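Heads up, the thing below is written out as structure tokens.
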Amino acid sequence: MKKIFITTLGCKVNQFESASFRTGFEDAGYTIATSEEQANIIIINTCAVTANAGAQSRQTIRQTARANPGAHIIITGCFAEIGAKELSREKELLGREFSIVGNSKKDRLVQNALTDNVDSGQINLGSILEEKEICRLPVRRFGDRSRAYLRIQDGCESYCTYCIVPYTRGASRSLPRSEVIEQAKLFGTEGHKEIVLTGIHLGLYGRDLGEGENFVSILDELSRVTPKILYRISSLEPPEVTDTLLSLMKSRNNIQPHLHIPLQSGDDQILARMNRKYTTAEFSETIDKCNKALPGGALGIDILAGFPGETEEHFKNSLEFMETLDFTYLHVFPYSKRAGTVAAGFNGQVDKKTKKQRVSTLLKLSEQKKNTFYSSQLGEKYPVLVEGKRSKKGLLKGFTSNYIAVNFQGPDSLLNNITRVKLLSLAKGYVVAERERNNES
């Protein structure tokens, strides 16, 4: 009996797709190995969002090939999509069993992997830029996690100058409403208490499905027809955070008060150079609107440090702008030059040392903002989804509805379940809490 091992790099969409591979193999009667050394077939679901991610993907492929000479290696994901020809010439793959599967052919990956007559070195990419429908990848259960990711959309058409993703994922394509509902219900039946709605450009959901279909409409129906499931939104562009969305979030108890909104730069000149579709003033209005509609809600922001042409003055403007915003945390990324993107050809590439310094400065700001937010919530009571494993100190851990990391005492019966806690005091990276014993949520 063949054993399968799956390695996943990159985003939540990749993690959802890998969960679908797992479902397919298990339904066919195959075993998922706990380590690659045990496996006959190894799936590597790659990432290419930055040059560093691409390099990590290539390194993983090489190391896996060297360490597992007898395994059939299947390479898929965004790095496979744009680097298939290069990969097929990797010396670690020459003379051994391997195949490459493009993003638009991921629905065939399991079936092909279990077919003994598939030629070694086979490349099955399809044409991602011509795809009109989303690749169907049903998942039975999202591993052993209490929280599941549900990919409802794929593709992007924004063409930010630093980003390769439109070329690796194609145009926006949405999962039809009935299939989204069916997948959410299945996750609920399998015991998942929270679903994170995700996509490559989530806010474009429904645009290809017809009149009246959009992200707010699918969130409205999901939260209404599955009231016992909690919903969290992975990421939305600033113009997509509308009054209608915020009103819905405020009215539904099972939509978590947490939004993640990419900014990328706090300087208007750099935003224009990035081909972002908003100004800092518009972004500031969005943040203010969120805080008024969802008091106590969490707001995360993406920021890119060291974009080509970002001078000290630009960075100073960006930092000062972010200091004025009332948000919870930052996800900070150093700009990584990506071949095939417009920005790779820009003048004014920023050196590594400067990028590192700017990242460090932004991380300090993030820590300050998070501590301020956490401190403002002390004494409050919130539901928390308890994770399936305890902390290193033996405490229960999880995130509150408004995305505060908490640790607290409690019995094993609370693992993978929802309980209410009171926030007591700050610790490094989390809040110490105590459980409300007679108020289980």
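Just to confirm a number: summing +1 for Lys and Arg and -1 for Asp and Glu over residues other than Lys355 whose beta-carbon lies under 11 angstrom from that of Lys355, what do you get?
Values: positive: Lys337, Lys352, Lys353, Lys356, Arg358; negative: Glu310, Asp351.
Computed value for this residue: +3.
What net charge is computed for the residues neighbouring Tyr167, neighbours being all others with C-beta under 14 Å from the C-beta of Tyr167, Lys and Arg scored +1, Asp and Glu -1?
Working: positive: Arg169, Arg338; negative: Glu81, Glu130, Glu131, Asp154, Glu157.
My count for the surroundings of Tyr167 gives -3.
Rounded, prolate or oblate: pick one for region 381-435, where a ≥ b ≥ c are the square roots of the eigenvalues of its C-alpha gyration tensor, a/c under 1.5 means rounded, and failing that, prolate if a/b is larger than b/c, else oblate.
oblate
Largest first and in whole Å, what are the equivalent-ellipsoid semi-axes of the chain based on the Cα gyration tensor, each being the root of 5 times an eigenvalue? Show your work: numbers first, answer last.
Details: eigenvalues 234, 166, 96 Å².
Working from the Cα gyration tensor, I get semi-axes of 34, 29, 22 Å.
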Just checking the chain: which Cys have no other cysteine's beta-carbon under 4.7 Å?
Cys11, Cys47, Cys78, Cys135, Cys156, Cys290
Relative contact order of region 381-435, defined on C-alpha pairs under 8 angstrom at six or more residues apart (%):
36 percent
Between region 196-270 and region 120-178, what is the separation of their alpha carbon centroids in Å?
18 Å
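Nearest 20 debye, what's the magnitude of the dipole of the chain about its Cα centre given +1 on Lys and Arg Cβ and -1 on Asp and Glu Cβ? Numbers along the way, then the final one.
Details: 59 positive and 51 negative charges, 274 e Å.
Dipole of the chain, to the nearest 20 debye: 1320 debye.
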How would you rank Cys160, Cys78, Cys290, going from fewest to most other Cβ atoms within 10 Å of each one's own Cβ?
Cys160, Cys290, Cys78
Whole-Å distance, taken between Cα centres, linking region 21-93 and region 344-402
30 Å
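How do Tyr430, Tyr205 rank when sorted from fewest to most other Cβ atoms within 10 Å of their own Cβ?
Values: Tyr430 18, Tyr205 27.
With the fewest neighbours first, Tyr430, Tyr205 line up as Tyr430, Tyr205.
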Taking a crude spin-label model, label points 7 Å out from Cα along the C-beta direction, the Gln349 to Ser391 distance in nm is 4.3 nm
Taking every alpha carbon pair in region 129-256, what does the distance histogram look like in 10 angstrom bins from 0, in percent?
13, 44, 33, 9, 0
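Counting other beta carbons within 10 Å of each Cβ, put Ser88, Ser413, Ser104 in order, fewest first. It would help to have the intermediate numbers written out before the result.
Numbers: Ser88 16, Ser413 9, Ser104 23.
Listing Ser88, Ser413, Ser104 from fewest to most nearby Cβ atoms yields Ser413, Ser88, Ser104.
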Label-point separation, Ser375 to Asn254 (7 Å along Cα→Cβ), nm
3.8 nm
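Bear in mind these aren't lab numbers, they're just calculated from the coordinates by the rules spelled out. Please read all numbers here as calculations on a predicted model, not as lab measurements. Please note: Cβ atoms are built from the backbone with ideal geometry, for glycine as well, and neighbour counts cover all protein chains shown.
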